[in-house]
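Everything on this sheet refers to the single structure shown next.
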Amino acid sequence: MPITPSHPSIFPDEFSRDERAIAALPTSITAFVGRAARGPVDEPVRLASFADFARSFGGLETDAPLGRALQEFFENGGREAIAVRVAKHAKAARLEHGAVRLSAASDGDWGNQLRIRIRRGLDSAFHLQIRDGVTGRIETHPSLTFRDSPRRIDRVVNAHSQLVRWTAASPRADAPILEHAPQRATGKTPWSDDAASTKVERAARGSCGCELTASDFIGSAKHANQQGLYALERVDLFNLLVIPPYRDGRDVDVALWKSAAGYCERRRALLLVDPRRGCASPEDARRLLETLGLRAPHAAILLARPPHAGSEQLSSGAAAGMFARTDAQRGVWRAPAGLGATLNGVRRSGSDSLADDSACVAARRMALFLERSLQHGLRWAESERNDESLWARIRASAGDFMHGFFRLGAFPGRTPRDAYFVRCDEETTSQRDIERWIVNVVVGFAPLRPAEFVTIALQQMTKLPS
């Protein structure tokens, strides 16, 4: 809500250039939580490209929309993503050939297409080949042994294989080597001949698990196991959150949207909600957000396009990529609208009826960015005494940071006084606050019109008063 400050604020002529500079934190790291064909479960994985996703999670799958969301993100300018795979009661496929006992590197029915081939080497060594029948990839691990050495099979496989893991007890040093047939049968390859390689038996098959529900993403209230959505607790920073439909053609449950919105509010992130079926206009989108209770500043924005002939709705993955591209090219304070907001891989109808809301989204994201950066950049105050000297240095440091964005055109206004303010003094920090080791900082910026400020209130711990 715009306010008019009642006290003088800090402006550039008060700056001291030897103050600790505040660094701008990232603005478009996007977390994706959903169903994938393979890969680690309930573990955040950082990705810099869709190729990274394909290597870790298996690429595009019809019944696993997480891949499509990531593809649209990178196609539209996304640079850094965090993917969390959710699976319920999934199992990893198992392979056994003599003393060799392996499991697929991750849960899922992809592992049912694995095969292994063992050939004897010199002395007590042997060579292991593993083939992924889904991708055709073959791994070769030469000169393995069952003896206690750096080349013992369990050590090598667990350290270097992308396809399998040794999950059994350590192998016996005197275990016999059971070699596969050196020649394949006529008309077969080594990977289709059961005598030349070993396949996953039916009783040892893996699975992708049961159909997902909201509870599989939400987890327990205490988040003790950090599963599903709360696996992101192991990540220091993300700015946007995307939860694709569990399967194509199915909407995300309302309970999950509400939990995700609350989590985003706590983590100072923005939740992007995919359009639901029947959501055909901006008015429908706003009504749906109100129905879901997702109007909190950090909670959500639903993106949709009217379904004209030959058009597609804007997905949250594509929107996140578009935000990232706009941030890199024009700044987080710029709304992703106009010619620079074209979408790759998604057909547009030509209507931009949500343009009126785009500036509000940009202002919300700018507020989150400033709050995070200022909070992180003022941590040095923890080792300082809470007095007027500290307040002056905070004003200078935060003011220098804000003035840098004013010079970039992030805030409207011809003078700094119309664009932003920083307050940290005896009126923001009372004697009671000092006794509690707290310094309060109030920062305002004008996102849309000069001198109409959105305020950010920060609390920073300080040194024990002397």
> With 51, 87 as the choices, which residue is small (Gly, Ala, Ser) and either assigned to a helix (DSSP H, G or I) or modelled with pLDDT of 90 or more (or both)?
Replying inline: 51
> Residues of the stretch 170-193 being open to solvent by 80 Å² or more (accessible area, probe 1.4 Å) and at pLDDT below 90, which ones?
Replying inline: 183, 184, 186, 187, 188
> Taking residue 316, is it over 25 Å from residue 452 (Cβ atoms), open to solvent by less than 40 Å² (accessible area, probe 1.4 Å) and at pLDDT 60 or above?
Replying inline: yes
>> Quick check on my filter: what residues within the stretch 414-426 are assigned to a loop (DSSP other than H, G, I, E, B), more than 15 Å from residue 387 (Cβ to Cβ) and either open to solvent by less than 40 Å² (accessible area, probe 1.4 Å) or not hydroxyl-bearing (Ser, Thr, Tyr) (or both)?
In response: 414
> What are the pairs, 6+ residues apart or on separate chains, where a residue within the stretch 161-180 that is closer than 21 Å to residue 140 by Cα and among the basic types (Lys, Arg) has its Cβ under 6 Å from a residue that is part of a loop (DSSP other than H, G, I, E, B) and at pLDDT 90 or above?
Replying inline: 165/105
> Do we find a residue being in contact (Cβ under 8 Å) with a residue 12 or more places away in the chain, surrounded by 22 or more Cβ atoms within 10 Å (Cβ to Cβ) and within 26 Å of residue 265 (Cβ to Cβ) anywhere in the stretch 384-391?
Replying inline: no
>> Please go through the stretch 377-412 and give me each residue that is within 35 Å of the chain's Cα centre (by Cα) and outside any helix (DSSP H, G or I), ordered by number.
In response: 378, 384, 408, 409, 410, 411, 412
>> So, residue 29, is that one under 28 Å from residue 332 (Cα atoms), touching an Asp or Glu at 6+ places or on another chain (Cβ under 7 Å) and modelled with pLDDT of 90 or more or not?
In response: yes
>> All but one of (1) modelled with pLDDT of 95 or more; (2) of a type outside the set (A, V, I, L, M); (3) crowded, with 20+ Cβ neighbours inside 10 Å hold for residue 39; state the number of the condition that does not hold.
In response: (1)
> In the stretch 87-103, what residues are more than 30 Å from residue 27 (Cα to Cα) and open to solvent by 10 Å² or more (accessible area, probe 1.4 Å)?
Replying inline: 88, 89, 90, 91, 92, 94, 96, 97, 98, 99, 101, 103
>> I'd like the residue in the stretch 233-258 that is surrounded by fewer than 20 Cβ atoms within 10 Å (Cβ to Cβ) and not in a loop (DSSP other than H, G, I, E, B) and, out of all such residues, is modelled with the lowest pLDDT.
In response: 254
> In the stretch 125-161, what count of residues is obtained for those that are within 14 Å of residue 99 (Cβ to Cβ) and open to solvent by 40 Å² or more (accessible area, probe 1.4 Å)?
Replying inline: 1
> Are there any pairs, at least 6 apart or on different chains, whose C-beta atoms fall under 6 Å, with the first in the stretch 438-453 and closer than 30 Å to residue 383 by Cβ and the second assigned to a loop (DSSP other than H, G, I, E, B) and open to solvent by less than 30 Å² (accessible area, probe 1.4 Å), and if so, which?
Replying inline: 439/386; 439/429; 439/462; 440/428; 440/429; 441/424; 442/428; 445/411
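Restricting attention to the stretch 393-419, which residues are among the basic types (Lys, Arg) and either more than 17 Å from residue 442 (Cβ to Cβ) or free of Cβ contacts under 8 Å to residues at least 40 places away in the same chain (or both)?
Step one: filter the stretch 393-419 for residues among the basic types (Lys, Arg), giving 393, 395, 407, 414, 417.
Hits for the stretch 393-419 are 407, 414.
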> Which members of the stretch 105-120 meet the condition of being open to solvent by 10 Å² or more (accessible area, probe 1.4 Å) and not in a helix (DSSP H, G or I)?
Replying inline: 105, 106, 107, 115, 117, 119, 120
> Which of the residues spanning the stretch 367-409 are farther than 21 Å from residue 462 by Cα and hydrophobic (A, V, I, L, M, F, W, C)?
Replying inline: 367, 368, 369, 402, 405, 406, 408
> Filtering the stretch 427-450 down to residues that are surrounded by fewer than 18 Cβ atoms within 10 Å (Cβ to Cβ) and closer than 19 Å to residue 334 by Cα, which residue is farthest from the chain's Cα centre (by Cα)?
Replying inline: 450
> Which ones in the stretch 52-86 are within 21 Å of residue 132 (Cα to Cα), open to solvent by 20 Å² or more (accessible area, probe 1.4 Å) and not basic (Lys, Arg)?
Replying inline: 52, 54, 56, 58, 60, 61, 62, 63
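The values are calculated or read from the model by the stated rules, or taken from the named source; none is laboratory data. Keep in mind the model is a prediction, meaning the values are calculated, not measured. Glycine gets a Cβ as well: all are built from the backbone with ideal geometry, and neighbour counts include every protein chain shown. To get the accessible areas, we keep the full protein, side chains included, count just its heavy atoms, and leave off ligands, DNA and RNA. Shrake-Rupley method; radii C 1.70, N 1.55, O 1.52, S 1.80 Å.
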